[in-house]
Amino acid sequence: MTKGPHINNCCFCIPLKSGVIIITLLWLIFGIYAIINSSLSIASPDKENAFIYVKVQNIASIVFNALITFGAAFGLYVLTYANIPRMLSIYAKISYVIVGINVISHILTSVVFIVFKADILKSCAELIANISASGNEKSRACNEGYDDFLKSIIMSAVVSTLISVYFAIVIASYAQRRNEKEKETTAADAAETHLYEKTSKL
């Protein structure tokens, strides 16, 4: 197994195995929640959900979170029924794939929000049409709201990506530790067998 960044505890105080279980459950729960939320949004008759950019975002969310959920489900299976170095190594690689999916998802969200800027501002103008204010004030309010929301999307992407990378490092560290222990056990068993064979010949 290729060595990479290595840590001894999750979040400085949680044992690696417990940390990996918690991370896996978080990915699984969040993935299921996001799928349900996006599915309900698509099925909702609300006017806002009729916009094409909202549908694109929801469909992409379902696809990406389904992949994350499958990855987390595999990880939970490994931790529960197949907690061996080879399977953990596979899960460690999957965890980095989940990081990549997370990054792609955030990039797509930002791209959709930027590409459909005109439609978003138009829908904003329609929503505040009845407010007693000048056209310039309404336009400025919509533009400021758009800019603030785009900044929040970017900040959320950065924080989420950093957390996902850390989670993947925790999983990889646990897999590496199990692999090292397996090698030590194998070496000790081999040495004991060799010693037994040597002494039995005397």
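What follows draws every value from the coordinates through simple rules; no lab data is involved. These numbers come from a predicted model, not from an experiment. No Cβ is skipped: glycine too gets one built from the backbone with ideal geometry, and neighbour counts run over all protein chains shown.
Annotations for the structure displayed:
- Each of Ile114 and Tyr77 was given a label point 7 Å from its Cα along the Cα-to-Cβ line. The distance between the two points is 3.8 nm.
- Highest average first, the peptides 137-148, 106-117, 67-78 ordered by how many other beta carbon atoms sit within 10 Å of their residues are 67-78, 106-117, 137-148.
- Whole-angstrom Cα spans of region 9-188 along principal axes, big to small: 80, 31, 24
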